[in-house]
Amino acid sequence: MLEQILHVFPEADLFCQIDFLSNGERGFILNKKVRTSFIQKLPSAKTGYRNYLPLMPFAVRRFDLSDYALIISNSHSVAKGVRKNSKQLHICYCHTPMRYAWDLRDQYLKETGLDSGIKGAVVEFILNRIRKWDFETAQRVDCFIANSSYIKERIKRVYKRDSEVIYPPVDIDRFKLNDKKDDYFLAVSRMVPYKKMDLIVEAFSETGLPLVVIGEGPDLEKVKSRAKKNVEFLGFQEREILVEYVQKARAFVFAAEEDFGIVAVEAQACGTPVIAYGKGGATETVIPFGEVRSQKSEVRSRGVSPYVRTEEKPTGIFFYEQTASALIDAVKRFITVEDKYDPYAIRKNAERFGVDRFRKEFKDFVERKIAGFSPSP
């Protein structure tokens, strides 16, 4: 996302909380010098920056942006909280209202063991303060862009603000079509609780079907403890190796309730069908077998897939409970209709999320908002 925004506005200056990119990794930000917050200099900021969450609202407010007419924030937590004056236009591309302060708050507290005791009370107090700050700063943003209709509804519910949907850019040129598939299923993710990787591993351990898992993170050992011999863990892999595994997978398995879910689109760009949890962004990117799109927002808000039936060529299949048994049932259903999936049709569905489309839509949106902006006296 950041890479593509900078391609649209290459003269922009770049501010962020921390920057530990090496010289060889800076091409995607056009080798720009990044202006960082004071968190950059705190102990263990490179690996332990999440521990400084209580300081981040204060840190982002310390940025001096007074010389700029246009501010674009790329925000999933605190970036939208920058200070601005009445003569500045602030456009926020919002990936989600802050997860750990709103929708997934209770889940985070429970899964980190912070839902009780003194530490729990302290964290609860901090999150309450952050939640209040998050809502208040959302009211100072001039325009919101949501990364999916799912997030558009969440922005409306949490922030009481309207937004316009512009889907994220997906590098479909790098994830090329491959119509020859191997026998393994594939899951790719960071090992954190809401990704539900333990659920995937548990389900495939029960079926005995071959599963390849790519990714690392704090929950890796927990996830491995659920695995049997049919599950292979490859840890972190460079992009070229990752693409090859996605291209050859029999199906890509996706169990998280994602805001958009770029990785599911990348899989489809390879012509690989997706077995996905039928809630969140996946309902906007995957065409499930035997179901059709419905735009009824009340359906989504109840946590039910906005699909009923379809004559469109399918690109995947959904399951509707984040349980091993529901996923196992979806895998069995997928196998029975596997010959119905056309890799070329799956690829075509992914092409509507390409980079060029994003650049045009984003540029048009910003120019339209600039033209209509009337600064306060």
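FYI, it's all coordinate maths here, none of it is from the lab. Just so we're clear, the structure is a prediction, and the values are computed from it rather than from any experiment. All Cβ positions, even for glycine, are placed from backbone atoms using ideal geometry, and neighbour counts span all protein chains on display.
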Over region 185-353, what is the percentage of antiparallel beta bridges among all DSSP beta bridges, to the nearest 5? 5 percent
What's the angle, to the nearest 10 degrees (0 to 90), between helix 324-336's Cα axis and the longest principal axis of the chain? 60 degrees
Entries in Lys222/Lys348; Lys33/Lys369; Lys224/Lys279 that, when Cα-Cα distance is taken, lie over 29 Å: Lys222/Lys348
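Between the DSSP loop rule and a limit of at most 12 other Cβ atoms within 10 Å, which GluC sites (Glu not before Pro) in region 169-255 are left?
Values: sites: Glu202, Glu206, Glu216, Glu221, Glu232, Glu238, Glu240, Glu244; in loops: Glu216, Glu238.
Answer by residue number: Glu238.
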In the chain the DSSP beta bridges are antiparallel at a rate, in percent to nearest 5, of 5 percent
Using DSSP to call loops (not H, G, I, E or B), can you name the chymotrypsin sites (Phe, Trp or Tyr not before Pro) in region 191-286 whose Cβ has at most 12 other Cβ atoms within 10 angstrom? Phe236
Expected sort for Leu2, Leu53 with the fewest Cβ neighbours (10 Å cutoff) up front is Leu2, Leu53
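Among Thr137, Thr285, Thr336, what is the fewest-to-most ranking by other Cβ atoms within 10 Å?
On the way: Thr137 22, Thr285 27, Thr336 9.
Lowest count first: Thr336, Thr137, Thr285.
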Name the most mobile residue of Lys46, Lys181, Lys248, meaning the one with the largest mean-square fluctuation, in a Gaussian network model of the chain with Cα contacts below 10 Å. Lys46
Under a 10 Å cutoff between Cα atoms, tell me which one of Glu11, Glu164, Glu338 has the largest fluctuation in the Gaussian network model of the chain. Glu11
Local charge sum around Thr336 (other residues, Cβ-Cβ under 15 Å, Lys/Arg +1, Asp/Glu -1)? +1
So what is the relative contact order of the chain, in percent, for Cα pairs below 8 Å that sit 6 or more residues apart? 14 percent
Rounded to 10°, Cα long-axis angle of helix 239-248 versus longest principal axis of the chain: 40 degrees
If you build a Gaussian network model of the chain, linking Cα atoms that sit under 10 Å apart, which residue out of Lys229, Lys195, Lys80 swings the most? Lys229
